[in-house]
Amino acid sequence: MTTSKIKIKLGAIEVEYEGSESFLKEELPQLLSAVSDLYAKSRSALEPQPSQGNPNALLGSSTNAGGKPKFEATTGSIAAKLNCKSGPELIMAAAARLTFVLQESTLARQKIIDEMKTATAYYKASYVSNLTVSLNNLVKDGKLNEPSQGKYALTAASLKDLEQHLV
């Protein structure tokens, strides 16, 4: 039996496991999904409301029905602010819109594609044909997590970096 060790830290949430490799192969996707969901819930619970004078609130934000700040922008306008020039950069712009505007914590591959296509000034068909490679590279580069197969989420570092660029 092979013993494996993994440590996952996402914001204030930290998970450490040492044990059988079979657990990691079979259960890791669900574990990552649960950690990602918990992280997203903890972030939203800790966000100050606009009435508290949040100095880090995104520009152009309004308040949605739940009272949470809501950033309003299209993928095209986010791509413009991020100066997108490649498929991976447009993936990040689409992920930013899905996360900040539509407030989705995990992003299905097809939703990312659909969102990329809305940025007509930036979108190229080759971006979709190279999507698997681009997504894998973004995961390897620490910009996206893959909590379960075909589902992605921005890493904590990416969330912070995008927030800074979009303010």
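Each reported figure results from applying straightforward, stated rules to the coordinates on display, with no laboratory input. Keep in mind the model is a prediction, meaning the values are calculated, not measured. Every residue, glycine among them, receives a Cβ derived from its backbone with ideal geometry; neighbour counts consider all protein chains shown.
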Cβ-Cβ FRET estimate between residue 14 and residue 139, R0 fixed at 25 Å, reported to 0.05: 0.80
Label-point gap, in nm, between residue 4 and residue 21 - each point 7 angstrom along Cα→Cβ: 0.8
Relative exposure of 74, 155, judged by other C-beta atoms within 10 Å (fewest first): 74, 155
Nearest-20 debye value, region 95-158 charge dipole, Cβ charges on Lys, Arg, Asp, Glu: 100
Relative exposure of 132, 75, 118, 106, judged by other C-beta atoms within 10 Å (fewest first): 132, 118, 106, 75
